[in-house]
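FYI, it's all coordinate maths here, none of it is from the lab. Please read these numbers as outputs of a predicted model, since none were measured by experiment. Cβ placement follows ideal geometry from the backbone for every residue including glycine, while neighbour counts extend to all protein chains displayed.
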Amino acid sequence: MNKNTENTFVKLLAEELEYIDLCFVYSTQARIAVRIDNGQYTIIWDECYWKYYRKYLLAVGTARKNKMAVTQAVTAVMAEHLSERFSTFIDLSSFLGKIASQFGIAPNLTSEETDRTETRIFIAKIFSVFHEIAHIRIAQKDTAALKTKDIIFHMFSHVQKEHFASLDEWADLHFHMVQEILEGKHEEILEELMADVYAAGKTAVYLKEIFGYVNFTLLCESVAGIGYLSGFQNLFNVVTRSWDGHYTEIRFGLDPRPREIDPYINELETARSGLGRIMTVTLLLSRFELSDQQRFEAWKYHDEEHVKTSTAMDCLSSEEFICTAIQEAGRSGF
Ligand SMILES: [Zn+2]
């Protein structure tokens, strides 16, 4: 990844940002989002989010290379984020920081592996900025953005259960959600998927523009970068939502009380993320001339690189864990 490549992208991006402000911030909320103010659209680009996405990739890469537990490495990255997120509450923050340092592993990658990681981050950022632009274009009733809905309905009407076989225990959930979206349910999730489809198309165009020629290796790294981002986002959203739900208790030092959690909310998030990822990869690959063998290999690479985050997610977002952590941190008075 050289500076020229990035500069080309910034130049091209400027043309896409007509009537849109891009605002770089660093906040512990770590959110990439769109803000609307008097008809002016601003994309909030939080560098804190990307800091943890980079840590996540480095942790997963190092753990796999050294045959260490990926779940622990991923848990440590999220605990480190939570420690920063709640940094104003010193006891809790240092409690979480201890978990992070106990399970965390120092990145240990060759320069070649680091380069590959940077390429994945770069591609994830391209995808992500177009995902946000898509939300704005949908709100502006832009024809190209709205047409993504037809693409989704077309794809979904051909979906069969066995397409989700690789998702194991999640296959039913995904298939069920496809049916419900076809019935007109889940409007918010449909918009997320529309934004993914829009971003997949733009990413394909821009990869060609920026790199001149997209060889098969770069295409596979793009697929991996998008896959990693989707998994990270899913983990990040579920865990931070669970913790933010206890903000009042943390803020006022009250006894933490487990909340009644509707597991369906997290399931929706997981299905949304899985469907978005599968559609994005399918569409991205369809924009390049590939043999059947190459298409097969690209998917194989995607599946091999896929990070199973469900254990880390279940642990860090469990009500029991959160309440114990808040209580222990308060009691021990670090
Ligand atoms: Zn979105």
The stretch 118-261 - charge dipole about Cα centre, Lys and Arg +1 at Cβ, Asp and Glu -1, debye rounded to 20:
440 debye
What distance in nm separates the two pseudo spin-label positions at residue 114 and residue 191, each 7 Å out from Cα along the beta-carbon direction?
4.1 nm
Mind putting a number on the dipole of the chain about its Cα centre? Charges go on the C-beta only, +1 for Lys and Arg and -1 for Asp and Glu, and I need it in Debye to the nearest 20.
680 debye
Distribution of pairwise C-alpha distances over the stretch 57-120, 5 Å bins, in %:
4, 20, 24, 17, 16, 11, 6, 2
Scan around residue 22 for amide H atoms under 5 Å from its own, H built in the peptide plane at 1.01 Å from N, and keep only partners 5 or more places away or cross-chain.
43
Return a whole-number percent for the relative contact order of the stretch 3-332, with Cα pairs under 8 Å and 6 or more residues apart as the contact set.
19 percent
Find the centroid of the Cα atoms in the stretch 246-261 and in the stretch 289-331, then give the distance between the two in whole Å.
26 Å
Along the Cα→Cβ direction, 7 angstrom out, place labels at residue 5 and residue 267. What is the inter-label distance in nm?
4.1 nm
In Hz, Karplus ³J(HN,Hα) per residue of the stretch 321-331 (6.51, -1.76, 1.60; θ = phi - 60°; x = Gly, Pro):
5, 4, 5, 4, 4, 4, 5, 4, 4, x, 6
Let me know the Kirkwood hydrodynamic radius for the chain, please, with Cα pairs as the basis and the value in Å to one decimal.
21.1 Å
Using helices alone, what [θ] at 222 nm do you get for the chain, with -39,500 (n - 2.57) per DSSP H run of 4 or more residues, divided over all residues and rounded to the nearest 500?
-24000 deg cm²/dmol
Is the stretch 285-334 best put as rounded, prolate or oblate by its Cα gyration tensor, with a ≥ b ≥ c the root eigenvalues, rounded for a/c under 1.5, and otherwise prolate when a/b is larger than b/c, oblate when not?
prolate
Cα-derived Rg over Rh, computed across the stretch 178-254 with Rh taken as Kirkwood radius:
1.17
